[in-house]
Amino acid sequence: MSEIPLPQTAKRVVPWWLLRHETMLAVILLLALIVLGGLNSRFLTLDNLLNQGRLTTEVGLIALPMTFIIITGGIDLSVGSIVGLCAILLGYSWKNFGFPLPLAICFSLLVGAAAGLLNGIVITRVKVPPLIMTIATLALYRGLAEGISQARSVRGYPEWFYFIGQENLFGVPAQLWLLLIAIVVSAIVLDRTTFGRTLYAIGNNETAARFSGLPVDRVKLIIYTLSGLMAGLSACVLVSRVTTTRSDMGIGYELDVIAAVVLGGTSIFGGVGTIWGTVVGLAMIQLLKNGLALTGVKGDATIVVIGAVLILSTLVASSLQRRRDGV
Amino acid sequence: MTTLTLAGTEADPRRRLKVLASQEALLAIAVIGLAIAVGLYNPRFLAARNLSDVLLGNAYIAVAAVGMSMVIVSGNIDISVGALIGVLATISGTLAVNGAPIVVAWLAALVAGVLVMALQGAIIAYLRIPAIVVTLGMLSILKGGLISVTGGKWITDLPDSFHLADIELFGVLPFPVFLMILVTILAALWMRYSASGRAIYAVGGNAEAARLCGISQPRTIVMVFALHGFFAGAAALLYATQLRVIQSTVPPNLELTIITASVVGGVSILGGVGTVIGSTLAAVLIAEIASALVFIDVSPYWIRAVQGVLILVTVIADILRRRRMAGA
């Protein structure tokens with residue numbers, strides 16, 4: 001820090017926009033597509049790519065509000081458990097309370113939002129650090145899912161319910177429309193609204209944001225609630241796709257979600273990040289999984305790669321950041 | 001002026017000791033009170049066999065929670081420890097089955113534990129990547145690696161001499177319980193009275209002040225993680241040797257149980273405060289609750305929810321208490 005900043009004459013070897021995280025990532029993504037396509041003829045087919053979109057929706061829906069949360073310098077580790085809890089309550093309220101399925105879906109979305117709201121309330125009112133609060137509810141929500149379901153699964157939903165998870169709409173997987181709408185809305189909110197600017201302000205300097213009169217606590221409450229709601233939505237899509245509910249659903253989602261967000265250039269320290277970055281990050285993670293699967297690597301080994309990608313991308317991002325700051 | 005003196009008393013070691021003592025006393029009362037209450041409802045709970053099973057089967061959690069407490073006191077977190085314990089147990093068991101000397105099999109778990117955790121500590125301390133990112137990544141590397149290498153196969157036909165957990169000292173004291181008590185006392189004394197032990201509190205309490213006192217923050221963090229890895233290795237040995245088989249998968253959510261023990265034991269999640277005596281008592285309490293559920297005819301599937309509530313209540317109480325002490 002004590003070093004004198006480099007004078008303007010220091011030569012830039014590469015233009016600045018090439019060094020932007022999203023650009024680099026998009027280039028890597030293209031290269032990966034070409035290499036994987038060359039390795040396996042089944043990879044670069046429209047069918048396969050659309051199917052990958054189907055599979056990424058559940059994680060993608062959660063990654064959008066997670067981008068908001070990480071931009072504010074927070075984190076939500078409980079999302080996977082909320083998916084489990086909502087999935088269980090969807091099945092349980094339908095089967096055991098006799099709710100009509102549409103009502104059961106609303107109920108599970110409501111529970112997701114409530115679970116997120118509880119995170120938000122304790123984080124903003126009691127000032128429990130988000131990391132700790134969501135580790136606690138990671139245990140609590142998964143525990144409720146296990147306790148309520150008693151490890152029993154629910155299946156046999158009506159046929160129409162499988163539409164969102166398994167059918168196509170205008171030739172594109174139905175749930176992908178949901179994700180696309182969510183992406184566009186999130187991008188507009190983050191980029192073009194006061195709400196979005198507030199998120200960056202909180203992430204850059206929360207105290208300053210507070211003293212500038214920004215509604216810091218209300219904004220945080222909203223994004224954690226949103227995170228829970230989207231996890232609930234993700235649970236409904238997941239149940240519709242796999243046709244059953246089990247209490248272990250969504251285990252490990254927090255890894256995929258956080259890896260996609262961080263890989264997409266959102267700084268884990270807050271203040272920096274875009275929805276487009278997250279979208280490219282999501283695509284990278286899903287292609288990685290698919291590419292590895294096609295080359296015969298088993299599912300368990302792919303999480304090794306995702307874990308390594310998470311650590312390495314944070315390393316690269318933070319060293320780039322340090323260079324930009326002239327340290 | 002008032003705020004200044006109040007802030008001063010908070011740092012006063014005597015005052016802090018009193019607060020901590022109360023947390024530990026509270027836990028001890030809870031452990032005994034719960035035993036009596038459940039015993040009244042169902043006397044079979046108090047059978048010597050059950051109580052010793054509870055202690056024996058969960059001593060490894062208390063041992064791992066000692067290391068976790070140090071990590072949290074230093075202001076960090078580790079969610080990879082559950083996966084690491086699974087990996088270390090498998091390494092040790094594989095060596096033992098393939099004819100390596102038993103002592104080598106035991107040592108391998110300890111050494112590998114120290115290496116993995118020291119590496120994580122170094123990435124956190126020197127490359128300044130948040131602990132949650134590093135350990136979340138490592139969690140999936142270890143978990144995925146273990147299942148893909150072993151294919152989830154169980155290790156059986158372990159040599160008899162491998163079973164550390166079977167040893168009974170003086171014919172009465174089972175080794176896991178002995179180790180749990182020994183590790184807790186040594187770690188508590190070391191953290192309280194040695195300079196390097198105090199450094200953990202300093203780094204967790206106020207990193208800048210610690211630096212000005214000449215304490216190297218990165219070095220302290222690497223040391224804490226290395227020690228944590230050692231305790232994880234010891235925990236893995238107890239875990240691996242208590243049954244006749246080692247399930248070569250990661251025990252699900254083990255890290256959550258260990259973190260719960262540390263936090264409920266009074267280790268402040270804001271860093272800088274807490275003792276390992278509390279975390280060991282909390283580990284015993286959690287194991288006792290899990291066993292009690294069965295005896296009061298509640299499904300054991302509720303245990304994770306109980307753990308979640310316990311962490312939540314302790315964390316909120318800790319923060320409210322700090323706020324009151326700060327005179328806010």
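The values are calculated or read from the model by the stated rules, or taken from the named source; none is laboratory data. Bear in mind the structure is a predicted one, so any value in this text is a computation, not a measurement. Note: ideal-geometry Cβ built from the backbone for every residue, glycine included; neighbour counts use all protein chains shown. We work out accessible area using only protein heavy atoms, side chains counted, and drop any ligands, DNA or RNA first. Shrake-Rupley method; radii C 1.70, N 1.55, O 1.52, S 1.80 Å.
Points to keep in mind about this one:
- For B:ARG324: the one exception among (1) under 20 Å from B:GLY274 (Cα atoms); (2) within 10 Å of chain A (Cβ to nearest Cβ): (2)
- Condition check for B:MET180: surrounded by 14 or more Cβ atoms within 10 Å (Cβ to Cβ) and farther than 30 Å from A:LEU77 by Cα: yes
- In the stretch A:118-129, the residues that are touching a residue at least 12 places away in the same chain (Cβ under 8 Å) and within 11 Å of A:GLY74 (Cα to Cα) form Cβ pairs under 8 Å with partners that are open to solvent by 20 Å² or more (accessible area, probe 1.4 Å) and hydroxyl-bearing (Ser, Thr, Tyr), at six or more places apart or across chains, as follows: A:GLY120/A:THR225.
- Residue list for the stretch A:236-267, filter: within 11 Å of chain B (Cβ to nearest Cβ), in a loop (DSSP other than H, G, I, E, B) and charged (D, E, K, R): A:ASP248
- Test: residue in the stretch A:211-222 that is buried (at least 21 other Cβ atoms within 10 Å of the Cβ) and either basic (Lys, Arg) or touching a Gly at 6+ places or on another chain (Cβ under 7 Å) (or both): yes
- Reported count of residues in the stretch B:45-80, each being surrounded by fewer than 22 Cβ atoms within 10 Å (Cβ to Cβ) and under 19 Å from B:MET180 (Cβ atoms), is 10.
- Residue check for B:ALA96: away from chain A (no Cβ under 12 Å), crowded, with 24+ Cβ neighbours inside 10 Å, at pLDDT below 90 and more than 20 Å from A:GLY307 (Cβ to Cβ): yes
- If you check B:ALA122, B:ALA83, B:ALA131, B:ALA89 for being in contact with a helix residue (DSSP H, G or I) (Cβ under 8 Å, 6 or more places away or on another chain), more than 14 Å from every other protein chain (Cβ to nearest Cβ) and open to solvent by less than 40 Å² (accessible area, probe 1.4 Å), only one passes: B:ALA89.
- Comparison of A:GLY273, A:GLY232, A:GLY252, A:GLY264 shows that the only residue that is out of contact with any Lys or Arg (no Cβ under 6 Å at 6 or more places or on another chain), touching a residue at least 40 places away in the same chain (Cβ under 8 Å), on the phi > 0 side of the Ramachandran plot and open to solvent by less than 10 Å² (accessible area, probe 1.4 Å) is A:GLY273.
- Counting only residues that are within 30 Å of A:PRO215 (Cα to Cα) and open to solvent by less than 60 Å² (accessible area, probe 1.4 Å), the stretch A:155-203 holds 17 of them.
- One residue alone among B:ALA199, B:ALA234 is under 28 Å from B:PRO251 (Cβ atoms) and either open to solvent by less than 30 Å² (accessible area, probe 1.4 Å) or among the polar types (S, T, N, Q) (or both), and that residue is B:ALA234.
To keep it simple, each residue is scored yes or no on (1) within 15 Å of A:ILE135 (Cβ to Cβ); (2) of a type in the set (A, V, I, L, M); (3) open to solvent by 40 Å² or more (accessible area, probe 1.4 Å).
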| position | (1), (2), (3) |
| --- | --- |
| B:VAL284 | no, yes, no |
| B:ALA287 | no, yes, no |
| B:ILE319 | yes, yes, no |
| B:ARG324 | no, no, yes |
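- With respect to the conditions (1) farther than 25 Å from A:LEU140 by Cβ; (2) in a loop (DSSP other than H, G, I, E, B), B:ARG219 falls short on a single one, namely (2).
- The conditions of being open to solvent by less than 40 Å² (accessible area, probe 1.4 Å), closer than 23 Å to B:GLY145 by Cα and of a type in the set (S, T, N, Q) are met by B:SER248.
- For the stretch A:169-213, the set of residues classified as outside any helix (DSSP H, G or I) and aliphatic (A, V, I, L, M) consists of A:LEU169, A:VAL172, listed by residue number.
- Test set (1) within 30 Å of B:ARG322 (Cα to Cα); (2) within 14 Å of chain A (Cβ to nearest Cβ) - B:MET223 fails condition number: (2)
- Meets criteria (more than 10 Å from every other protein chain (Cβ to nearest Cβ) and crowded, with 19+ Cβ neighbours inside 10 Å) for A:ILE121: no
- Any hit, the stretch B:259-266, residues being closer than 20 Å to A:ALA151 by Cα, open to solvent by less than 30 Å² (accessible area, probe 1.4 Å) and either touching a His at 6+ places or on another chain (Cβ under 7 Å) or away from chain A (no Cβ under 14 Å) (or both): no
Okay, residues lined up against (1) over 20 Å from A:ASP248 (Cβ atoms); (2) open to solvent by less than 30 Å² (accessible area, probe 1.4 Å); (3) modelled with pLDDT of 95 or more:
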{"residue": "A:ILE75", "(1), (2), (3)": "yes, yes, no"}
{"residue": "A:ILE82", "(1), (2), (3)": "no, yes, yes"}
{"residue": "A:ILE88", "(1), (2), (3)": "no, yes, no"}
{"residue": "A:SER93", "(1), (2), (3)": "no, yes, no"}
{"residue": "A:PRO100", "(1), (2), (3)": "yes, no, no"}
{"residue": "A:ILE105", "(1), (2), (3)": "yes, no, no"}
{"residue": "A:SER108", "(1), (2), (3)": "no, yes, no"}
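- Within the stretch B:146-165, tally of residues that are within 13 Å of another protein chain (Cβ to nearest Cβ), in a helix (DSSP H, G or I) and surrounded by fewer than 19 Cβ atoms within 10 Å (Cβ to Cβ): 2
- Test result for A:LEU138, assigned to a helix (DSSP H, G or I), more than 12 Å from every other protein chain (Cβ to nearest Cβ) and under 20 Å from the mean Cα position of the chain (by Cα): no
- Subset tally (residues that are at the interface with chain A (Cβ under 7 Å from one of its Cβ atoms) and crowded, with 19+ Cβ neighbours inside 10 Å) for the stretch B:308-317: 4
- For A:THR302, the stated conditions hold: it is surrounded by fewer than 22 Cβ atoms within 10 Å (Cβ to Cβ), at the interface with chain B (Cβ under 8 Å from one of its Cβ atoms) and under 19 Å from A:ASN48 (Cβ atoms).
- Scan of the stretch B:282-307 for residues that are without any contact (Cβ under 8 Å) to a residue 12 or more places away in the chain, within 13 Å of chain A (Cβ to nearest Cβ) and assigned to a helix (DSSP H, G or I), ordered by number: B:PRO300, B:TYR301, B:TRP302, B:ALA305
- A:SER149 vs. criteria within 10 Å of chain B (Cβ to nearest Cβ), buried (at least 24 other Cβ atoms within 10 Å of the Cβ), of a type in the set (S, T, N, Q) and touching a helix residue (DSSP H, G or I) at 6+ places or on another chain (Cβ under 6 Å): no
- Scanning the stretch B:134-145 for residues that are within 9 Å of chain A (Cβ to nearest Cβ) and open to solvent by less than 10 Å² (accessible area, probe 1.4 Å) returns B:VAL134, B:LEU136, B:GLY137, B:SER140, B:GLY144.
- Within the option set A:VAL279, A:VAL327, being more than 8 Å from every other protein chain (Cβ to nearest Cβ), modelled with pLDDT under 85 and either closer than 27 Å to A:PHE195 by Cβ or in a loop (DSSP other than H, G, I, E, B) (or both) holds for one residue only, A:VAL327.
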